[in-house]
Structures are given as C-alpha cells and as structure tokens.
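Asker: What follows is a structure written as structure tokens; I'll ask about it next.
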Amino acid sequence: DELKMLTDTADELRDGGAGIPDADLIREPDSDAVRTVFRLDRHSKAFRRLACDTRLAGVAEFLLGDQVYLHQSRLNYKPGFAGKEFYWHSDFETWHAEDGMPRMRAVSASVLLTPNGPHNGPLLLVPGSQGVFISCAGETPENNHESSLKEQKVGVPQPTTIERLARQAGGITSAEGATGTVIFFECNTLHGSNGNITPDPRANAFFVYNALSNALTEPYAAPSSRPDFLANREAPEAISPVHGRLNG
C-alpha cells in the first residue's frame, strides 16, 4: 500500500496533475516527455514524508556520521521507447564546482518506483570511483544547467578516465531491483545510465542528503550558483527521521 501510494503520486506528478511550475520540470531533449521533476519534497506531501523516513534519512545519518538535510530531491523518468541515456559523471564534481559543496559528505538515495532491470536503463556505477576526484576539463558555461540536465556534455570525464577506473574496479555495477528497492550511493561515485528502448518505463525518486557540517558556500568553479531547485541554499535545517508507515 505504501508503494502504490508513491507510484500513483509519481504518475500524477509526471502528468502535471499537481500544477508543477515549468521551471521545476525537465523534458527530454527531443520531445515534451517529462524527464525530471525537481523539488519533489515541495510538490508532494507523500514524497516529503518519504524524504524524512528513517529508512532513508536515518540510513543517510548513519552513513555520513552526522545530521543531514535535503540538498536536492527529484523524480526521474525514463519512458518506454523514449527515455534517453545520461552520460558518465560524478555528482560531486558539479555540486562542488557549481553549487559550492565543500567536501564529499553527501549521499544519494534512489527509491525505485518501477522495476529497474538490465534492459530499461538502470543506474550504472563504477565501484570504488568515489575514492578518486575527477577534475573535468573545460570552463563551466553560463547557465550550464539549462542544457546539462537534458544532455550533459560539460563536466564529464574523458573516456580514458572512465576506462581506467572501470578496469581498476573489475567492471561496472548495474543497480537493479524490484519496485520499493532503495539504493544508496556516495556523491562522488562515477555513474550514468543507458537509454530505454524497451516497452517498460523506469521511474526513480532521488533524495540527496548532505551532512549538516557540509553546508554550501560560493561555487568553486562557476561564475554564479545554480538555481535553488538544483541546490538547497537556504539555511540548512536538520531532518528529524520519522518512524512508521507512510500514509497519504
């Protein structure tokens, strides 16, 4: 019943039933299909409650050894036949350069809202890559997020770097699971995903937890900070993890 409530809510958000402003929506590069809904915790009471759940926030506290706050939340879709790939990148490289996150003290929790199998574009990760900071070549263009959220070309590692790290790791891990699976991964982990050419859609809710001691400063390698929907720049307020079942 918890999962049905979340998946029904995710469908409603994707279809625009919640009156989400266009600024919080990212669409596929060559269609009007919704790719991402940002500020998920603000657009949905159910997902706001999920973000504070001890099964997510409590685990994030344990992993980071600190109180946590929500740096970013989003709903990612890969519709059947139309979901595009997302190239290899480290979240921390962008969050450090463009958002001003000082250190690698954040973790992402991905809640699978559909089955994520080997064929419908699951998250791919390079194990151990979180221990290597990859400084990407090139200057950060102004308003880079406007294009990078649809198709990232700046702030991505060189193919030789990806190959070296993958060989060192002994391969690439595919984060697969049934609906309701939660996958935690460290903010500097190299990851990406393939396109979805199957009939089976993929949908995941992402919550990025940052350590309270790691609040954002000014960007380290960009002329200005990105919009608030990408990085919570308000005075951080620690989450008090909530026990118990979700309800509408």
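Asker: Does Asn188 count as over 18 Å from Leu125 (Cβ atoms), in contact (Cβ under 8 Å) with a residue 40 or more places away in the chain and open to solvent by less than 10 Å² (accessible area, probe 1.4 Å)?
Answerer: Here the answer is no, as Asn188 does not meet what is asked.
Asker: Do any residues in the range 50-64 that are in contact (Cβ under 8 Å) with a residue 40 or more places away in the chain and among the polar types (S, T, N, Q) have Cβ atoms under 6 Å from those of residues that are open to solvent by 20 Å² or more (accessible area, probe 1.4 Å) and part of a helix (DSSP H, G or I), where the two are at least six apart or on different chains, and which pairs are they?
Answerer: none
Asker: Now, a different point. Output the residues belonging to the range 51-77 that are out of contact with any Phe, Trp or Tyr (no Cβ under 9 Å at 6 or more places or on another chain) and crowded, with 18+ Cβ neighbours inside 10 Å.
Answerer: Asp53, Gln67, Tyr77
Asker: Where residues in the range 78-111 are in a strand (DSSP E or B), open to solvent by less than 30 Å² (accessible area, probe 1.4 Å) and at pLDDT below 90, which of them is nearest to Phe185 (Cα to Cα)?
Answerer: Checked the range 78-111; the qualifying residue nearest to Phe185 (Cα to Cα) is Lys78.
Asker: Additional query: Exactly one condition in (1) in a helix (DSSP H, G or I); (2) in contact with a His (Cβ under 9 Å, 6 or more places away or on another chain) is not met by Gly19; state its number.
Answerer: Here Gly19 clears every test but (1).
The values are calculated or read from the model by the stated rules, or taken from the named source; none is laboratory data. The structure presented is a predicted model; accordingly, all values stated were derived computationally and were not measured. Backbone-built Cβ (ideal geometry, glycine too); neighbour counts: all protein chains shown. We work out accessible area using only protein heavy atoms, side chains counted, and drop any ligands, DNA or RNA first. Shrake-Rupley method; radii C 1.70, N 1.55, O 1.52, S 1.80 Å.
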